[in-house]
Amino acid sequence: MNKSRVYRVLITDDSAMARTLLRELLEQDGMEVIAEARNGKEAVELVRQHRPDLVTMDLQMPVMGGIQAIEEIMHEKAVPILVVSSESDAEKACQALDLGALEVISKPDYTPPQAAEFVRKVRMLAGVPVITRLRRRSVKSATPPQPAAFHWPESGHFKARNYQQAFALASSTGGPQALARLLPRLDASFPAPILLAQHMCDGFVEGMAHWLSTLCRIKVKVAEDGELLKPGCVYVSPSETHLIVTASHRIALQARVDGEIYRPSCDHLLASLAEVYGKDAIGVILTGMGRDGATGMLRIRQKGGIGLAQNEATSVIYGMNQEAVKLGGVHRELPIDELAGEMQRILELTPAGYLQDLERSQV
């Protein structure tokens, strides 16, 4: 975040009270509110006129809602968009992220923690490079090509827990878009559990999990404390807690500590996977801002496991994944559309065979 730069922000909300609150919070922090829009149509016009560093976007508005406005803005001349909406719009907020909005946050009140979080998000996202997108025929994500069914061969390996390897996905800004391209490519018979830590504002994770479940053949659910891991399921960490794996192959949800920036913590999840599964742990780190996940990915590699990362070209923000690469926790970087196939390839070859094949290809 650049505290010295004066960012130019466009506020979009049909409530005059909400616009006034957001304006006060931003101006108190030294940012400039260049205009206010009462609906999506006005926002589209004002973006054309002013080219702001960031747009805050409500979703439920008259004349033109936030979803359509985001699609128009991202199609014409993309700018960073922060969705500021109520938790009741969680699934619609995920559609907004899939259309190009960077992040979602609940509408703040005057309490210091919420106000500070809103201002921090605006400063963090303002000026982030975003690309203009082709217009879609519909808001719902297009269904990706369906891979052939993946069947794990008969083996005695799974007598203890019905699977051998386990995956952990770590992502932040741009993560929901990436997940919407990765997870639908996995077959319903995917023979390993997948644990997911996606940085998300409190109250929106359940909506994201439901949204992803409508796109996928693999099961997607919010993780519950104490439940036994099963293959063919994605366990999404609540944002209010951290998700870790126990030695009994169950989920444990840990309370956050005051002052923690990342919620949920990607490092906590990845490190626990490394300790429990060792060489059978596979970490996948996706797009996102910051360093969360880098040390956890390194821990997996140190324990003999495998680390994959989304590459720079397909990342909204090449931050977390870049830090993991720099630290040495990543074996391969791949475009987002190739990661699902690589995950299945690891299981088909076994991690040991995959690493041997990787070594041969690099000679």
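For beta carbons closer than 6 Å, sequence separation of 6+ or different chains, a first residue in region 50-79 that is more than 16 Å from LEU22 (Cβ to Cβ) and a second that is polar (S, T, N, Q) and not in a helix (DSSP H, G or I), the qualifying pairs are PRO62/ASN39; VAL63/ASN39; MET64/ASN39; ALA78/THR132.
Whether any residue in region 143-166 is touching a Gly at 6+ places or on another chain (Cβ under 6 Å) and either within 29 Å of ARG291 (Cα to Cα) or modelled with pLDDT of 95 or more (or both) is what I want to check. No, every residue in region 143-166 fails to be touching a Gly at 6+ places or on another chain (Cβ under 6 Å) and either within 29 Å of ARG291 (Cα to Cα) or modelled with pLDDT of 95 or more (or both).
Within region 73-91, restricting attention to residues that are among the charged types (D, E, K, R), surrounded by fewer than 20 Cβ atoms within 10 Å (Cβ to Cβ) and closer than 24 Å to ARG123 by Cα, the residue that is nearest to the chain's Cα centre (by Cα) is GLU87. Applying the condition of being of a type in the set (Lys, Arg) and within 19 Å of TYR110 (Cα to Cα) to region 1-42 and asking which residue is most open to solvent (accessible area, probe 1.4 Å) yields ARG23. Considering (1) surrounded by fewer than 20 Cβ atoms within 10 Å (Cβ to Cβ); (2) at pLDDT 95 or above, the lone condition that PRO264 does not fulfil carries the number (1).
Summed over region 99-109, residues that are of a type outside the set (A, V, I, L, M, F, W, C), under 17 Å from the mean Cα position of the chain (by Cα) and either open to solvent by 10 Å² or more (accessible area, probe 1.4 Å) or at pLDDT 95 or above (or both) total 2. Among the residues of region 155-214, those that are hydroxyl-bearing (Ser, Thr, Tyr) and more than 11 Å from the chain's Cα centre (by Cα) comprise SER155, TYR163, SER189, SER213, THR214. Inclusion of LEU182 among residues that are assigned to a strand (DSSP E or B) and either of a type in the set (A, V, I, L, M, F, W, C) or surrounded by 18 or more Cβ atoms within 10 Å (Cβ to Cβ) (or both) is not warranted. Evaluated against (1) in a helix (DSSP H, G or I); (2) modelled with pLDDT of 90 or more, ALA78 falls short on exactly one condition, (1). Give the residues of region 220-253 that are without any contact (Cβ under 8 Å) to a residue 24 or more places away in the chain, touching a strand residue (DSSP E or B) at 6+ places or on another chain (Cβ under 7 Å) and either not polar (S, T, N, Q) or not in a strand (DSSP E or B) (or both), sorted by residue number. Within region 220-253, LYS221, VAL222, LEU228 qualify.
For region 267-302, which residues satisfy the criterion of being part of a loop (DSSP other than H, G, I, E, B), open to solvent by less than 10 Å² (accessible area, probe 1.4 Å) and either under 21 Å from GLU338 (Cα atoms) or among the basic types (Lys, Arg) (or both)? LEU286, THR287, GLY293, listed by residue number.
Quick check, is ALA90 over 20 Å from TYR7 (Cβ atoms), among the aliphatic types (A, V, I, L, M) and assigned to a helix (DSSP H, G or I)? For ALA90, the condition - over 20 Å from TYR7 (Cβ atoms), among the aliphatic types (A, V, I, L, M) and assigned to a helix (DSSP H, G or I) - is met. Counting only residues that are on the phi < 0 side of the Ramachandran plot and of a type in the set (Gly, Ala, Ser), which one in region 310-351 is surrounded by the fewest Cβ atoms within 10 Å (Cβ to Cβ)? Taking the candidates together, the pick is ALA313.
The values are calculated or read from the model by the stated rules, or taken from the named source; none is laboratory data. Predicted model, so just to flag it, every value in this text is computed and none were measured. In this analysis, Cβ positions are derived from the backbone assuming ideal geometry, glycine residues included, and neighbour counts consider all displayed protein chains. Side chains included, ligands, DNA and RNA excluded: accessible areas come from the protein's heavy atoms. Shrake-Rupley method; radii C 1.70, N 1.55, O 1.52, S 1.80 Å.
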